[in-house]
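Participant: Sharing a structure here in structure tokens format.
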Amino acid sequence: MLGTAHDNPKVAALKEALLSAAITFLVMAPISGIVLKGYAFEADFTVPVYAALIVFVLRLAILLLEQNETGRKILVRLSPSKGGGVTVAKPGGVPWLRFILPLLFIAGLVLPFFLGKYWLTVVILAMIYVLLGLGLNIVVGLAGLLDLGFVAFYAVGAYMFALGSQYWGLGFWTALPLAAATAALFGGMLGFPVLRMHGDYLAIVTLGFGEIIRLVLNNWTSFTGGPNGVSAPNPTLFNLEFSRSAKIEGNIPFHEFFGIPYDSSLKYLFIYMVLFLVVCAMIYFVNRLRLMPMGRAWEALREDEIACRSMGINHVTVKLSAFMMGAMTGGIGGVFFAAYQGFVNPSSFTFFESALILAIVVLGGMGSVVGVIIAALVLTILPEALRDFADYRVLIFGILMVVMMIWKPRGLIRIHRPYFRVKGGKA
Amino acid sequence: MAGHAGILINSKSILLQKTFRCSTMESHILGQQLVNGLALGSIYGLIAVGYTMVYGIIGMINFAHGDIYMVAAYITAICIAVLSFFGINTVAIVLLITLAVTIFIIALYGWSIERVAYKPLRNSTRLAPLISAIGVSLILQNYVQVSQGARTQAVPTMIQGAFRFGSETDFFQITYIQTLLVVVSFLSMGILTWIIQKTSLGRQCRAVQQDRKMASLLGINTDRIISTVFIMGSSMAAVAGVLVTLNYGSFDFYIGFVTGIKAFTAAVLGGIGSLPGAMLGGIILGMSESLFSGLVNTDYKDVFAFSLLVLVLIFRPSGLLGKPAVEKV
């Protein structure tokens, strides 16, 4: 770009690579190189120098590869997939799935008995994120609406359970449907006016709403306990409690009823089981929804809104249904989170949490259920395993989001629209 | 008759003064809040310009813009520290060099972010640039946090003193730095408006904003214009970063997030795509937020600003000075 027409192309490439390296150095040098210490500073330019060198080498390599035939072939193979659209799955589905799915289901049910308490809690957290990812996937992946305040509905669910038990004595099983309904109601109230407008505004309104919820929870100390949070009770199974001794008069602890020794991981085992069943139900639910007219309308709206509206689809109600469905899932996830932690406070519901759930959906491939599950498991379990890189977690998420959008905007796993045949029809 | 009326008015005013003594004190608080609000609002306005210009030209909410402003605050502090290390302490020279260096580096930030994270997505799905921008925002926040540490940073106070109004015990003040802040903000807005309205570059920007395809058919290098818009928006955020650091004296890696949403609110309030609208929206938001936190409740001032955003988007999405969006098929 810099070189004139008379320049040797190799010299021009060198010049451009040098320019890229110089810009990298200038951009990184002040922040990485000069570290503030009070009003003074410490200078150390190793990081920006290395970064500039890396950029120089990469840029030069790409520019030189572009100049010959074999290089161009390599670059085309590595370049972003422009290939478009959604393909339709083959009729009949995948035959071996029929055997794999029950096996996976049983494996999921048996798994917690082989885990220690620590890994059990990690897996529960991962499952909560699977649930949240599935919920946000309906909104972002299937309906194509960017929701940046998903954590608000998660918070509504968690606080519904915690505050509900504190003020009105709600139990886990009553709170579950109530939280789902409340979160869906919040979603509807927020979504209805906003969804009528241009899509991008939804992102910023939901972002603002997420912050409002967190700030209110943080500042309304008399009702929510403020930054100190509220405790949430343990879940119960037919009035059997998962504590050493019964908290409520007349209830019997679980281990006494079955005559087994008390184990503090019993509570987590129970939460895992319920959560696992809810996640499985959710997967089934989403897959069935994609076959129904509503789910098909979501995906059609994502691809081309104007075409859909001219076909007579009411875009507001269709979008609203997706938005409320996502909010409802968030609410359910919140109840499980509160039960699992035994305590909720506003610091669990920051924007970072929304960004994490969004990263799960984006990395998993927007719209793909399998992708979302894998991404949720990887993004929650991997940081536990790689504690040393905890500082760089957000940085890596950010880079992954940008790279994914440039390289494979439709996600790592290619999604197929389910095959559909009208009964007795020909198509 | 006239004298009679005069006495009457006089006695009435004494009575008024007696009854509303506490209210004059409150009016000084009110005045102070308005002054603070004007300063805050100018900052919001400067940042809102970046949102409004980028949205106007490529129809994308640049989520990373708030974090660019945060980086500008850091560069300011670093620049002041380096200058004082070399023994340059004259206030005017330090301010000018800091402003120039910060604008240059932040413009480079804006340019490279557009080039790396947004340009490859020009023809992608609608959600892709938004998600990419969130990624950039996370990268900038964490990059600064990892490099500079998570603690709150501070700069030495450089300009002291204030204009005072009112009596010894009951007054409100406009500090010199607030005066500088407002003057510099309006000056940079003026320069930007002049560039957009009067120069050939500005005419090209407006052409690309109206119809990108047609502008490129007429021989305008649209990619270059989009880069220029990012550079202009980032420069305004750089000015805001310098001024805010001088005025408040402390910052951390997280300031970009909340200020970013508020500046976006200001852009929407003024009418997205409109330059004077961004400044007007910024000042209205700054003043009302300042009044709210002074007279009602400080804890809920962010809630107030975000609720304003939601309400404006619901009831007047085209803002105060914006034109209603027409959907072209």
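Please treat every number below as a calculation from the coordinates, not as lab data. Every value quoted in this text rests on a predicted model; they were computed, and no experiment measured them. Cβ placement follows ideal geometry from the backbone for every residue including glycine, while neighbour counts extend to all protein chains displayed.
Participant: Output needed: percent of Cα pairs per 10 Å distance bin for chain B, bins running from 0 to the one holding the longest distance.
Facilitator: Histogramming chain B at 10 Å steps yields 6, 23, 31, 21, 10, 5, 3, 1, 0 percent.
Participant: Cut-off is 10 Å between beta-carbons; in what order do A:Trp119, B:Trp111 appear when sorted fewest neighbours first?
Facilitator: Details: A:Trp119 14, B:Trp111 17.
If I rank by nearby Cβ atoms, fewest first, I get A:Trp119, B:Trp111.
Participant: If you don't mind, there's one more thing I want to ask. How high is the FRET efficiency from A:Ser231 to B:Phe315, r the C-beta distance, R0 30 Å, rounded to 0.05?
Facilitator: Step by step, r from the Cβ atoms, then E = 0.15.
Participant: Please give the FRET efficiency for B:Arg224 paired with A:Phe113, using the beta carbon to beta carbon distance and R0 = 51 Å, rounded to the nearest 0.05.
Facilitator: FRET efficiency, B:Arg224 to A:Phe113: 0.20.
Participant: Nearest 500 deg cm²/dmol is fine: what mean residue ellipticity at 222 nm does chain B get from its DSSP H runs of n ≥ 4 alone, each adding -39,500 (n - 2.57), divided by its residue count?
Facilitator: -25000 deg cm²/dmol
Participant: Just the Cα atoms of the range A:9-78, one point each, no solvent: what log10 I(q)/I(0) does Debye give at q = 0.11, 0.18, 0.25 Å⁻¹?
Facilitator: -0.38, -0.71, -0.98
Participant: Principal axis extents for the protein assembly as shown, Cα atoms only, whole Å, descending order, please.
Facilitator: Principal axes ranked by extent give 92, 85, 58 Å for the Cα atoms.
Participant: A further question on this structure: With a 10 Å radius around each residue's Cβ, average the other Cβ atoms per peptide and rank A:395-406, B:94-105, highest first.
Facilitator: Ranked by mean Cβ neighbours within 10 Å, highest first: A:395-406, B:94-105.
Participant: Can you list, largest first and rounded to whole Å, the semi-axes you get for the range A:97-236 by taking the square root of 5 times each eigenvalue of its Cα gyration tensor?
Facilitator: After scaling each eigenvalue by five and taking roots: 29, 24, 13 Å.
Participant: May I have the extent of the alpha carbons of the range A:171-220 along their three principal axes, as whole Å values ordered from largest to smallest?
Facilitator: 41, 25, 12
Participant: Using the membrane-span-like helix rule (whole DSSP H runs, Cα extent along the own axis of at least 20 Å, mean Kyte-Doolittle hydropathy at least 0.0), which helices of chain B qualify?
Facilitator: Numbers: long enough: B:2-19 (25 Å, 0.41); B:21-58 (54 Å, 0.85); B:65-85 (30 Å, 1.59); B:91-113 (32 Å, 2.53); B:127-148 (32 Å, 1.15); B:176-198 (32 Å, 1.48); B:222-248 (38 Å, 1.18); B:255-270 (22 Å, 1.61); B:275-295 (30 Å, 1.28); B:301-315 (21 Å, 2.29).
Correct list, ordered by number: B:2-19, B:21-58, B:65-85, B:91-113, B:127-148, B:176-198, B:222-248, B:255-270, B:275-295, B:301-315.
Participant: Mind giving me the FRET efficiency for B:Leu30 and B:Lys213? R0 is 51 Å, r the Cβ-Cβ distance, nearest 0.05 is fine.
Facilitator: Efficiency at R0 = 51 Å is approximately 0.50.
Participant: Once you keep just the Cα pairs under 8 angstrom separated by 6 or more residues, what percentage relative contact order results for the range A:9-78?
Facilitator: Once normalised by length, the contact order is 33 percent.
Participant: Give A:Lys37/B:Lys301; A:Lys408/B:Lys213; A:Lys10/B:Lys119; A:Lys319/B:Lys301 a once-over and call out the pairs whose C-alpha atoms are over 29 Å from each other. Intermediate values should be presented prior to the final figure.
Facilitator: Values: A:Lys37/B:Lys301 32 Å; A:Lys408/B:Lys213 26 Å; A:Lys10/B:Lys119 25 Å; A:Lys319/B:Lys301 31 Å.
Beyond 29 Å: A:Lys37/B:Lys301; A:Lys319/B:Lys301.
Participant: Sort A:331-341, B:296-306 for me by packing, meaning the mean count of neighbouring Cβ atoms within 10 Å per residue, highest on top.
Facilitator: Final packing ranking: A:331-341, B:296-306.
Participant: What is the local net charge at B:Tyr51, summed over the other residues whose Cβ is closer than 15 Å to its Cβ (Lys, Arg +1; Asp, Glu -1)?
Facilitator: Spelling it out: positives minus negatives among the neighbours equals -2.
Participant: Full extension from A:Trp173 to A:Leu277: what is 0.36 nm times the residue separation minus their Cα-Cα distance, to one decimal in nm?
Facilitator: Values: separation 104, 0.36 × 104 = 37.44 nm, distance 1.42 nm.
Gain in length upon complete extension: 36.0 nm.
Participant: May I ask you to order A:65-77, B:113-125, B:207-219, B:32-44 by the average number of other C-beta atoms within 10 Å around their residues, highest value first?
Facilitator: B:32-44, B:113-125, B:207-219, A:65-77
Participant: Sticking with this structure for a sec: Neighbour counts of other C-beta atoms within 10 Å: give me B:Arg203, A:Arg98 arranged from fewest to most.
Facilitator: A:Arg98, B:Arg203
Participant: Inside 10 Å of the C-beta atoms of A:25-35, what's the mean count of C-beta atoms belonging to other chains? Walk me through the numbers on the way to the answer.
Facilitator: Values: counts 0, 5, 8, 2, 2, 12, 12, 5, 2, 10, 5.
That average works out to 6.
Participant: Would you order B:Tyr254, A:Tyr268, A:Tyr159 from fewest to most other beta-carbon atoms within 10 Å of each residue's own beta-carbon?
Facilitator: B:Tyr254, A:Tyr268, A:Tyr159
Participant: Is the shape of the range A:92-417 best called rounded, prolate or oblate, per the rule: a/c under 1.5 gives rounded, else a/b larger than b/c gives prolate, else oblate, with a ≥ b ≥ c the square roots of the Cα gyration tensor eigenvalues?
Facilitator: Taking the square roots of the gyration eigenvalues as a ≥ b ≥ c, the range A:92-417 is prolate.
Participant: Take the alpha carbon atoms of the range A:315-329, find their center, do the same for the range A:150-196, and report the distance between the two centers in whole angstrom.
Facilitator: Going from one Cα centre to the other spans 15 Å.
Participant: Give me a single rounded figure for A:351-364: the average over its residues of other chain Cβ atoms within 10 Å of their Cβ.
Facilitator: 2
Participant: Further, regarding this structure: Take peptide B:114-123, look around each residue's Cβ out to 10 angstrom, count Cβ atoms belonging to other protein chains, and average those counts.
Facilitator: Mean partner shielding for this stretch: 3.
Participant: In sequence order, what are the phi-derived ³J(HN,Hα) couplings for the range A:30-40 according to the Karplus relation 6.51 cos²θ - 1.76 cosθ + 1.60 with θ = phi - 60°, rounded to whole Hz, with x for glycine and proline?
Facilitator: With the stated coefficients, the range A:30-40 comes to x, 6, 7, x, 10, 8, 6, 10, x, 8, 9 Hz.
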